[in-house]
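Worksheet for the structure shown next.
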Amino acid sequence: MTTTDAPAPTPAPAPAPAETLLDVSGVTMRFGGLTAVNNVSLTVGRGEIIGLIGPNGAGKTTFFNCLTGLYVPTEGTVTYQGTVLPPKPHLVTQAGIARTFQNIRLFANMTVLENVQVGRHSRMHQGLLSAVLRGPGYRRSEQESRDRAMELLEFTGLAGKAEHLARNLPYGEQRKLEIARALASDPGLLLLDEPTAGMNPQETRAAEELVFAIRDRGVSVLVIEHDMRFIFNLCDRTAVLVQGQKIVEGDRETVQNDERVITAYLGAPLEGTAPVTETDQ
Amino acid sequence: MTTSTTETTPVIALPGRTAALLTGLGAAATAGSALMPWTWTSEYPGDLTFYGSPAGLQWLALTAGLVTLVLLLATQGVPGLRWAAPRRSSNAVLLAAAGAVAVGWFSVISIATDLGGLAHLEPGGWVLAAGSLLALAGSLGLPLDRRTAVPLRILDRRLFLLVPIAPVVWFATHAVPEDKPVAPVLTALAGGLAIATGGVLLVQLGHAANSWLRLGTVNRPLPAPRALPSWVEVALIVVAFAIGLFAITFGIDTEYGELFTGYLLLAASVVASLGRSGLLPRLRALTVKYQTVTTGAAFAAAASFPFTQTSDQYTSVATNILIFATVALGLNIVVGLAGLLDLGYVAFLGVGAYSAALVSGSPASPIHVQFPFWGAVLTGAVVSMVFGVVIGAPTLRLRGDYLAIVTLGFGEIFRITMLNLNGTTGPKITNGSNGIPRIPDLEILGWNLGKPTTIFGFELGRFSNYYLLMLLVTAVVVLVFARVGNSRIGRAWVAIREDETAAEAMGINGFRLKLLAFALGACLAGLAGTVQAHVSYTVTPDQYTFAEALPPNSAFLLAAVILGGMGTISGPLAGATLLFLIPKKLEFLADYQLLAFGIALIVLMRVRPEGLIPNRRRQLEFHEADADIPAQATGDTVALSKAGA
């Protein structure tokens with residue numbers, strides 16, 4: 001593993017307002033009469049780590065699905081680097097946004113290396129004919145894909161298990177593999193849907209390190225999480241989604257001290273203690 | 001299912017070396033019986049009446065006896081034979097002896113029932129029966145790899161109610177006069193109940209035997225082979241393929257059903273015992289090491305098949321096997337790689353065949369043109385591909401079961417459309433049920449495939465010529481499958497099969513890639529179809545149905561893929577060969593053919609869900625609980641080694 005189990009460093013100070021990478025404005029998602037996401041706006045700058053929290057059923061994953069083209073928002077627009085995102089998942093990935101899933105969705109019967117290579121799909125252009133003819137261009141591209149995948153496996157600490165079947169990895173490593181696979185598409189923005197669900201504290205800390213390392217590679221991160229400590233250690237800004245609406249956005253103090261957040265999570269304000277909920281430990 | 005506790009003990013305890021002696025004696029007697037007459041009239045097929053001159057089934061008994069003997073000596077550590085059993089597992093001997101019993105007793109029973117009585121057996125037959133049984137009994141006394149405990153599984157008690165009910169219904173059938181309307185219903189019911197009861201009792205017997213024998217699936221680690229010079233290793237591969245060619249040729253050339261049944265029994269037991277002894281895994285490791293040599297040897301062996309034949313009787317069978325196998329391999333792209341269940345695949349073979357027939361210059365074709373061979377092939381493949389796209393574009397938006405049903409429908413639409421383009425219910429293109437007859441033979445660069453050719457002094461008949469041409473097509477399909485399967489496109493297909501939503505999130509255009517798989521599969525089937533049209537002279541709509549007793553049809557194609565092993569190359573080829581040969585050779589099953597086929601499929605899927613020649617991945621998937629398989633994977637090879645752990 002490239003990351004160590006040393007105590008998590010405090011998050012780097014929020015960088016000066018960077019160029020906006022993702023701009024979500026007024027996104028609303030209705031399923032029939034149910035409004036799952038209501039007029040949510042959010043921006044992610046280059047090199048930022050943004051958190052998205054909220055109680056179960058707040059619409060976080062629906063919001064994610066709106067960003068990644070799985071759902072077409074009823075209202076509002078999502079622009080990435082100035083262009084409106086097309087409503088098709090594979091085109092969103094092509095544009096530069098990669099994601100992981102809340103419930104791990106690896107290609108279980110492919111090897112670890114192949115999983116990451118599948119992630120490279122949108123950055124390669126070798127078609128059927130070149131696969132049959134196997135010219136030098138094909139071999140170069142195939143070698144490059146393999147090298148890049150191995151590099152990402154080194155990065156996530158899975159290089160030693162490249163030839164294992166994805167299904168045989170332990171849970172924590174499956175999560176890492178999902179991240180490596182997403183990174184393989186060379187995204188500018190990575191969307192992580194509950195990356196630490198089901199992890200123990202050590203694994204959670206390692207995941208923190210990994211997210212920082214990803215940011216250091218120049219990839220912005222938008223992360224959904226329930227683990228507050230994880231979010232506040234990690235994120236430059238955090239947005240809180242309750243019942244489909246964004247009620248507050250800001251740094252750690254702003255969010256932690258917001259009455260509405262406390263009410264949403266605990267039902268009533270609590271004095272003296274930080275509202276730390278660790279639903280998954 | 002875990003086999004953590006194992007032991008090496010005999011099932012029947014025998015003093016000292018008695019067990020080995022008995023086994024050896026039995027095996028020698030089995031082999032020796034082949035040199036004696038088994039029956040005294042020449043009425044039994046093959047004429048088994050001579051001293052010192054084995055024929056038909058006797059060759060099989062000889063082989064079974066010798067394999068048992070060699071494996072026995074090898075496991076006993078006799079110098080010079082140890083290569084035959086690198087694992088030194090006596091289970092291999094047991095499997096071979098079981099094969100000898102199967103072949104021997106099948107022969108004896110078959111002679112007695114065919115000719116009407118045990119009186120038709122000569123001493124040779126008795127020696128065979130006793131010898132093989134002795135070998136089996138002796139091998140049960142050898143130190144076998146066994147589990148320490150296997151609890152006796154009892155089937156659901158309600159199933160045993162069948163045992164008293166079946167005879168009651170049987171008697172009722174006889175009590176009711178035949179002219180009563182219920183009589184045929186009762187007869188059918190009694191037949192069904194008899195089969196069901198037999199099945200229940202057999203399965204229960206199997207459980208009881210399993211609990212008594214406790215044979216483990218423990219594979220001892222395979223010791224590293226002695227380092228050999230690479231030319232020796234290559235020579236070993238060539239020898240192995242030569243033996244393989246001989247064995248398959250023997251199977252195709254079997255002249256009567258009894259011999260083919262015996263052949264299947266022997267082949268199954270030899271493959272199982274050599275697999276257990278460690279010889280086959282070693283060979284497989286060699287083939288992985290020398291992949292190019294292996295592929296070359298396989299095709300050379302296949303290409304030399306026509307040279308072993310003196311008439312066109314069996315080359316026509318072989319040509320049809322190749323057509324069937326090639327189409328199955330094309331279907332494997334659609335089903336095995338992309339995971340799209342296509343139940344109407346045979347329609348693409350039909351599209352290719354009809355296209356080729358229409359441009360073949362047949363007098364019955366409304367288009368009076370005769371394309372050269374390459375033109376016909378291109379036409380067949382392209383038209384088929386266009387049909388693939390046209391059918392795929394609307395249907396591939398569906399997933400799973402829905403796709404299966406829609407493709408089933410399209411397959412039938414093709415056949416019915418061809419029936420109706422007959423001039424009365426539609427435009428006159430295909431002559432309806434009469435089809436397009438008198439398709440002229442192909443001519444490639446002045447070589448007329450219809451006329452016998454002489455190569456190296458061997459005269460090759462019409463079907464041999466087509467066999468060689470078809471082998472070329474098969475080679476193309478194998479090449480395409482191997483190369484595309486292991487590329488960006490192939491990985492994307494497998495990703496779609498595994499999880500389409502996740503695949504889309506990885507930037508894969510699911511619809512486009514599924515359409516590509518569909519179109520490529522259709523194109524390859526069309527390619528085979530163009531040759532098929534010329535091989536069979538006539539194309540008719542009823543060659544392309546969903547299911548019937550004879551391949552190729554959509555159901556058998558799918559069965560060939562699943563039986564052989566999804567996602568592999570050799571799997572569908574082997575599956576198609578078996579599925580073609582069995583109905584062809586076992587005509588004595590006649591009306592029960594589909595029933596037997598169904599039962600065989602159920603048993604196979606229960607025992608070996610990953611297929612005969614599984615993709616290593618699928619094997620891991622289905623037998624995760626069996627602790628020994630990963631161990632075997634590390635011991636044997638290579639492809640998915642766990643070395644990095």
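Quick notes
- Applying the Kirkwood pairwise sum to the alpha-carbon positions of the range B:37-170 produces a hydrodynamic radius of 17.5 angstrom.
- Distance from the Cα centroid of the range A:228-255 to that of the range B:1-80 is 77 Å (rounded to whole angstrom).
- Whole-angstrom Cα spans of chain B along principal axes, big to small: 80, 74, 59
- Mean-position separation - Cα centroids, the range B:82-102 and the range B:274-348, in angstrom: 27 Å
- With semi-axes defined as the square roots of five times the eigenvalues of the C-alpha gyration tensor, the equivalent ellipsoid of the range B:450-574 measures 34, 18, 13 Å, largest first.
- With the highest mean first, a sort of the peptides B:20-31, B:418-429 on other beta-carbon atoms found within 10 angstrom per residue produces B:20-31, B:418-429.
- Most to least accessible of B:L398, A:L158 (protein chains only, probe 1.4 Å): B:L398, A:L158
- When the Cα atoms of the range B:75-154 are aligned to their principal axes, the ranges along those axes come out at 45, 44, 16 Å in descending order.
- D by Stokes-Einstein for the range A:104-186, Kirkwood Rh over Cα pairs, 4 °C, 1.567 mPa s: 101 µm²/s.
- The charge dipole of chain B, taken about the Cα centre with unit charges on the Cβ atoms of Lys, Arg (+1) and Asp, Glu (-1), comes to about 1820 debye, rounded to the nearest 20.
- Distance between the range A:33-73 and the range B:153-200 - C-alpha centres, whole angstrom: 64 Å
- Among the listed pairs A:K161/B:K289; B:K451/B:K584; B:K514/B:K585, those whose Cα-Cα separation exceeds 29 Å are B:K514/B:K585.
- Radius of gyration and maximum dimension Dmax of the range B:24-97, Cα, Å: 14.4, 44
- A helix-only calculation puts the protein assembly as shown at -17500 deg cm²/dmol for mean residue ellipticity at 222 nm, using -39500 (n - 2.57) for each DSSP H run of at least four residues, averaged over all residues.
- Using a probe of 1.4 Å, the accessible surface attributed to B:S536 totals some 40 Å² when neighbouring protein chains are kept in position.
- For A:180-188, mean number of other protein chain Cβ atoms within 10 Å: 1
- Per-residue mean of foreign Cβ neighbours for B:467-474 is 0 (Cβ atoms of other chains, 10 Å radius).
- One equal scatterer on each Cα of chain A, no solvent, Debye formula: the resulting log10 I(q)/I(0) at q = 0.08 Å⁻¹ is -0.34.
- Solvent accessible area, Å² - B:E122, 1.4 Å probe, full protein context: 50 Å²
- Shape class of the range A:209-271 from the alpha-carbon gyration tensor: prolate, with a/c at 1.5 or above and a/b greater than b/c.
- Highest-first packing order for the peptide set A:241-252, A:103-114 is A:103-114, A:241-252, based on the mean count of other beta carbon atoms within 10 Å.
- Where a label projected 7 Å from the Cα of B:L550 along Cα→Cβ would reach, residues of the range B:573-588 with amide N under 17 Å: B:577-588
- Close amide H pairs (under 5 Å, H built 1.01 Å from N) link A:I49 with A:V221, A:D236, A:R237, residues at least 5 positions away or on another chain.
- Coarse-grained scattering of the range B:157-213 at q = 0.13 Å⁻¹, given as base-10 log I(q)/I(0) from a Debye sum over alpha-carbon atoms: -0.41
- A simple rule links phi to the HN-Hα coupling: the Karplus curve 6.51 cos²θ - 1.76 cosθ + 1.60 with θ = phi - 60°, which for the range B:203-209 gives 4, 5, 4, x, 4, 5, 5 Hz, with x for Gly and Pro.
- Counting only protein heavy atoms and using a 1.4 Å probe, the accessible area of B:T5 comes to about 80 Å².
- Mean shadow area of the range B:259-340 over all directions, Cα convex hull, nm²: 7.8 nm²
- Put simply, the C-alpha atoms of the protein assembly as shown give a gyration tensor, and the ellipsoid matching it has half-axes of 57, 37, 28 Å, longest first.
- Ordering of B:400-408, A:75-83, B:505-513 by packing [mean C-beta count within 10 Å, highest first]: B:505-513, B:400-408, A:75-83
- Cα-based convex hull, the range B:400-509, per residue volume (Å³, whole number): 201 Å³
- Within the protein assembly as shown, antiparallel bridges make up roughly 70 percent of the DSSP beta bridges whose residues both belong there.
- The mean number of partner chain beta-carbon atoms within 10 angstrom of a residue's beta-carbon across peptide A:127-135 is 5.
- What the phi angles of the range B:525-542 give under the Karplus curve with 6.51, -1.76 and 1.60, with θ = phi - 60°, is a coupling list of 5, x, 4, 5, x, 4, 6, 4, 4, 6, 4, 9, 6, 9, 10, 10, x, 6 Hz, glycine and proline written as x.
- All alpha carbon pair distances within the range B:304-607 were sorted into 10 Å bins beginning at 0; the resulting P(r) in whole percents reads 7, 27, 35, 23, 8, 1, 0.
The values are calculated or read from the model by the stated rules, or taken from the named source; none is laboratory data. Every value quoted in this text rests on a predicted model; they were computed, and no experiment measured them. Methodologically, a virtual Cβ is constructed for each residue, glycine included, from the backbone with ideal geometry; neighbour enumeration extends over all protein chains shown. Note: accessible area is taken over every heavy atom of the protein model, side chains too, but ligands, DNA and RNA are not part of it. Shrake-Rupley method; radii C 1.70, N 1.55, O 1.52, S 1.80 Å.
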